[in-house]
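Participant: Please see the structure below; I have some questions.
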Amino acid sequence: MSGRADSDSPPDTRTEEAEEVEEAGHGDGAGAAGRGEQDDRGDRDDQGQDAQGAWGDQEDQGGEARRARWAATGTGAALALAGTAASLLRLTDSVPALVPVAYACGAGTCALAAVLGSRGRTRRALWLSVAGLMVMALGDQFD
């Protein structure tokens, strides 16, 4: 004896309602529809997939990937623009030369992140955006 309970209850303890539900769930559902009952499975086939198949899932994943690419591209471009503007503003001030260089390097890193994000490399684009922003913050510390 294995010590675990059976997953199915013995036939003598089943109710009539449970048997009717099991009978309605098997087959093509024509028998249940003929008796005025609806097939509660909806548009799903025997494997549990939608009537559309995997297309519904792929369209949803495609939308998520598209939004991730746009977010990575937009974030990288915005940070690159901000870093370039800060570099040009700091270049005109009397600050050490390391400050505008750090802003320019950070802006370049964020621009590279925007390019990678547009090509679908969103994780790398995220980390490059973070690294570029950290370089800009480090350059601001030298001010």
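Quick note: the coordinates plus some simple rules give every number you see, no bench work behind them. All values reported here derive from a predicted model rather than from experimental measurement. Reconstructed Cβ throughout: ideal geometry from the backbone, glycine too, with neighbour counts over all protein chains shown.
Participant: Relative contact order for the range 61-141: what is it in percent, counting Cα pairs under 8 Å that are at least 6 residues apart? Write out the running numbers ahead of the final one.
Facilitator: On the way: 122 pairs, mean separation 30.5, N = 81.
In percent, rounded to a whole number, it is 38.
Participant: On to the next question. Rounded to whole Hz and in sequence order, give me ³J(HN,Hα) for the range 96-105 from the Karplus expression 6.51 cos²θ - 1.76 cosθ + 1.60, θ = phi - 60°, writing x for Gly and Pro.
Facilitator: x, 5, 5, 5, x, 5, 5, 5, 5, 5
Participant: Further question on the same structure: Using +1 on the beta carbon of Lys and Arg, -1 on that of Asp and Glu, and nothing else charged, what's the dipole of the range 61-141 about the Cα centre, debye to 20?
Facilitator: The calculated dipole for the range 61-141 is roughly 480 debye.
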